[in-house]
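Structure record follows, encoded as structure tokens.
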Amino acid sequence: MEFFNRLGSAIKETHELKGFYHDTLGETDRYLAVNKAREFILRTFSRPYEQASLTDADRQGATHEEFERLSRPLLASSPNAVAFSLIKVGLRTGGRLSDGIRVGLETGFDSGSTLDYVYRNRASGITPLGKLIDWLYINSIGWRGIRIRKQHLEWLLVRTIAELQTRDMPVRIVDIAAGHGRYVLDSVKGRTAGVNGIVLRDVSDDNVKCGSALILERGMERVARFERGDAFDRASLGAIEPRPTLGVVSGLYELFPDNDAIRESLGGLADAIHPSGYIIYTGQPWHPQLEFIARTLTNHRGHKPWIMRRRTQAELDQLVEAAGFQKIDQLTDDWGIFTVSVARRVAA
């Protein structure tokens, strides 16, 4: 029943056949099961195909229900509550020996500073034990997937830049929530001659400061600048000048459950991006540590529990399409946790 309830289709049925066991289609009275299946198949295929709208999945459906469950506190005496409480104590005591965990505790485990630390992929800490804890931390399945996501972002950035150049279009990049901006700067390093401009934006003053320092460190101040900006302010995004031809939004939408905010952000990108330009966007349709993260880690917004609502890839792609983009490609890690997609701005 848990499997059935999680099925994304709005058209589904369940039937209980008394006296049947696991080999449903091998039972003596299997005609009962076959008839049920046949009726459903014929009825379903007699209808014209209709793609279910998922743009309101933040208000109803499996991922909404999952988010609501994770948002509710556990019964204090339950085994899971006790286990997660012990883990939280461990993170705030011995975990501080790890440089990475300490950055997460201070800035939030979803912050630009944390991601920049994970991208560097060098274990460090206080004492050899702290370095071991840090190694285990940065090699957890989620952070390994994040580093692959960075690789996929860089590959698609390089390829999309080449596509713009092939079409004799200017290469003007904007990243609307850049963190420290490392992946964009790494992607264009050594290719700045073909890039007309890079605008990195973030709402965090600390990220703006660190990202600006990274631009100077790379000697890229001629082509790149970092400015403060809200990725969910449609008017601010739409007013970016000169008009970008390639927008990047990475690791942002996964942190916000509300689709109205995502619509505003994508609408701003659609207003900003030059016709026939591109956006590269990331998704997180699944995560094996979703409850662990929600119960033990804090986010960058007031150090509150880091509770994420998963968006299926279909939901995210529908939101992107509704904003005026046509998806053309996608890369996914081997575990199916993080996706990186490319879409072209459709001329109005």
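The values are calculated or read from the model by the stated rules, or taken from the named source; none is laboratory data. On a predicted model such as this, the values are computed, not experimentally measured, just so you know. In this analysis, Cβ positions are derived from the backbone assuming ideal geometry, glycine residues included, and neighbour counts consider all displayed protein chains.
Quick notes on this structure:
- Residue tally, condition assigned to a helix (DSSP H, G or I) and either of a type outside the set (D, E, K, R) or outside the structural domain of LYS150 (by TED's automatic domain parsing) (or both), over segment 245-267: 8
- Selected residue [in a loop (DSSP other than H, G, I, E, B) and under 15 Å from the mean Cα position of the chain (by Cα)] from PRO242, PRO285: PRO285
- Being touching an Asp or Glu at 6+ places or on another chain (Cβ under 9 Å) and buried (at least 17 other Cβ atoms within 10 Å of the Cβ) is a property that holds for LEU97.
- So THR339, is it touching a residue at least 12 places away in the same chain (Cβ under 8 Å) and over 16 Å from the mean Cα position of the chain (by Cα): no
- The number of residues in segment 312-348 that are closer than 22 Å to ARG144 by Cα and either hydroxyl-bearing (Ser, Thr, Tyr) or part of a loop (DSSP other than H, G, I, E, B) (or both) comes to 10.
- Close contacts from segment 159-182, counting a first residue that is closer than 15 Å to TYR281 by Cα and in contact (Cβ under 8 Å) with a residue 40 or more places away in the chain and a second that is of a type in the set (Lys, Arg) and outside any loop (DSSP other than H, G, I, E, B), with Cβ to Cβ under 6 Å and a gap of 6+ residues or different chains, come to ILE176/ARG201.
- Considering segment 1-116, the qualifying helices (runs of 4 or more DSSP H), each wholly inside and each with 2 or more residues that are closer than 30 Å to PHE226 by Cβ, among the hydrophobic types (A, V, I, L, M, F, W, C) and free of Cβ contacts under 8 Å to residues at least 60 places away in the same chain, run over 99-107.
- Of all the listed residues (THR107, THR63, THR93), the sole one being more than 27 Å from the chain's Cα centre (by Cα) and hydroxyl-bearing (Ser, Thr, Tyr) is THR93.
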